[in-house]
Each structure stands twice: as C-alpha cells, then as structure tokens.
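Trainee: Mind looking over this structure? Questions follow.
The values are calculated or read from the model by the stated rules, or taken from the named source; none is laboratory data. Values in this document were obtained by computation on a predicted structure and should not be read as measured data. FYI the Cβ positions are ideal-geometry reconstructions off the backbone, even for glycines, and counts take in every protein chain you see.
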Amino acid sequence: MKNKTFFSRLSTWLNNLPIQEPVNRRMAALLQVTLIGFISIIIIALILNLVISPSSASPQIALIRGVIFSVIIGILLVLLRRGYFRTSVLIVIAIFFLIETFAVLSVSLREVAETLSFFTLGIILAGLLLGRRALMLTYFLAAGVVSFGAYREQSAGLGGDGITIALNFILLHGLMSVFLGQFGVTLRTALNAALEREHELQNEINIRRQAETALEQFTARLEILHEIDRSLLSARSPYEIAMGALVRIRKLIPCPRASVSLFDLSKNEARFLAADFDNPIPIPDTPIPLEEFGLNVINELK
C-alpha cells in the first residue's frame, strides 16, 4: 500500500507540469523522464568508476565532469518544472551541439566519429519536441560543423576518412531528418486526436453524471409528491392536511419557512392555518387585519 502511494505521488508530481498546451505538456513529461534518466546514468557511471579503479586519477576527472553535467541537467529540470518547455529543449540541444562542435574542431573526425551521436540526439530532440523548423535548423548546423571539420582536415593535409565520415553523416542524418519531420507531425496529430477524444469522453461522462443527478432529483421530488398525496388522503382535518403538505413542500423546495393562510375578505382579515419554520416560532391563532397581514406579523417571523 505504501509502495502504491509512493509511486502514485511520484507519478502525480512528474505529470504536474505548469504547461497549458496539452501536447507540449506530454512532450515536456517525456523530456523530463529523459533528463532524469541522464542523471541516473551519470550517477551509476560515477559509482562504477569509483568502485572499479578508486586509486587512479580518471575517476576524479569523471567525478568532476559528472557533477558539472548533473548540475546542468538539474538546472534544466528546474526550468522545465517552472513551465519553460521550449527553453529547456533549446538548452539541451545547445549543450549537445556545443560539446560535439568543440570535439569536432579539436581533433580529427575519425577520433570523434563515435561521439557524433550528440548531434544525432540534438536532431532527434528537435524533431520530436520542437517541430520541423527546429529539426532542419539543427540538422543543417550539425552538417555544417561536420563538413567544416572534414574541410579543415583536407586543408591541413591530414587526409584520412574525414570526407567519407562527413558524407555518411550528412546522408544518414538527412534521411533521418526527413523521417523525423514526418514522424513528428504524425505524433503530434495522434496526440491531438487522443487528447480531443479524451476531452470528448470526459464531456460525455460529465453529461451522464448530470443526467443521473437530474434523474435522482426528479425521483426524489416525485417521491415527495407521492408522500404529499398519501398525507392528504390520511389527514382528518384542514390543519393536518396543511402541515403534512408544508413539511414535504419544504423538502421539495428548500426555504426557511412556509405557511398556509386563510383569508376572509368579507371581514377584511386573515388567519394562519399552519406554518413550518426552521426554528419553532409561535404564530398567532387569532384573526389579523389585512392591513397588518404581511407587514408587522411577517416581519416579526423573519
């Protein structure tokens, strides 16, 4: 029971993002899980480095890098939790882009070929979370950096496979960008359709609940009317008829007080036959002149 409570609270906390647009809120939830996954991977990698080779200098460097990356990702999570969805995505993409750009311009493309996946991650995030324009911009910037790295190697006479790596990157990521562009549109369309259907279902549920409530109220009122009929049939005097009806009428129509009065226009007077109040109040049983009825007497009973 405690585990269910913990996980339900965690799920509620993760989904409680201050983002109004429904699709962006779902995308933000996906990015949030991704960032938390990055932090978890960094922590696990640090623990493994410290356990496997605690005496070497590399774990210290890895620890510093891990702390820096964790702080950066933590800042992104804070921004995301405050509702800055697009800003968080742009910062993540910019971090990937800057890291890989620095690597490409520092060494040869062969040495950083395996780390070009940072560009790939940036392109994927832009295509899935931001849209086609951001996707194409990220792709062309990444392709430009890789192309410049290959050109720099050729200009320096380093030779190598820089051009081949650059061409493969441009072609493969170009195809991937086309796919991601279409997939992103399809994904957002599907999410919009699902959210609209969910909204329609919620409206249907609300309408059904309102209908059930109205039916219950109608049934209760009908039962009260039946009670009034039964009380009228069983009553033996006008007072019993009036009191039986008043008590049930106040259930049917909530009001602080109700009364039945008899008017004698020939004598220009009125008399209370019966009355029902929230608080028992004595009412006069003597005739009241019509000039005073509804003024002094009613004011005193308020």
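Trainee: Which condition number in (1) of a type outside the set (Gly, Ala, Ser); (2) free of Cβ contacts under 8 Å to residues at least 24 places away in the same chain; (3) surrounded by 12 or more Cβ atoms within 10 Å (Cβ to Cβ) is the one that Arg236 fails?
Mentor: (3)
Trainee: Which one of these is under 23 Å from Leu76 (Cα atoms) and of a type in the set (D, E, K, R): Glu100, Glu114?
Mentor: After ruling out the rest, the residue left standing is Glu100.
Trainee: Answer yes or no as to whether Lys267 is part of a loop (DSSP other than H, G, I, E, B) and either aromatic (Phe, Trp, Tyr) or in contact (Cβ under 8 Å) with a residue 12 or more places away in the chain (or both).
Mentor: Yes: the conditions hold for Lys267.
Trainee: On to the next question. For segment 63-104, enumerate the residues that are farther than 18 Å from Ile124 by Cβ and either among the small types (Gly, Ala, Ser) or surrounded by 19 or more Cβ atoms within 10 Å (Cβ to Cβ) (or both).
Mentor: Start the filter on segment 63-104 by keeping residues that are farther than 18 Å from Ile124 by Cβ, which leaves 63-72, 74-75, 77-79, 81-84, 87, 102-104.
Correct list: Gly66, Ser70, Gly74, Gly83, Ala103, Val104.
Trainee: Tell me, which residue of segment 214-241 that is at pLDDT 75 or above and small (Gly, Ala, Ser) is farthest from the chain's Cα centre (by Cα)?
Mentor: Ser237
Trainee: When the residues of segment 119-146 are filtered to those that are under 23 Å from Arg26 (Cα atoms) and of a type in the set (Gly, Ala, Ser), which remaining residue is modelled with the lowest pLDDT?
Mentor: Out of the qualifying residues, it is Gly131.
Trainee: From the list Ala166, Ala194, exactly one residue is on the phi < 0 side of the Ramachandran plot and touching a residue at least 24 places away in the same chain (Cβ under 8 Å). Which is it?
Mentor: None of the other options fit; the residue is Ala166.
Trainee: Report, by residue number, each residue of segment 187-212 that is surrounded by 11 or more Cβ atoms within 10 Å (Cβ to Cβ), under 18 Å from the mean Cα position of the chain (by Cα) and not acidic (Asp, Glu).
Mentor: Listed by number, the residues that qualify are Arg188, Ala190, Leu191, Asn192, Ala194, Leu195, His199.
Trainee: Please state which one of Gly244, Gly184 is surrounded by 12 or more Cβ atoms within 10 Å (Cβ to Cβ) and under 22 Å from the mean Cα position of the chain (by Cα).
Mentor: Gly184
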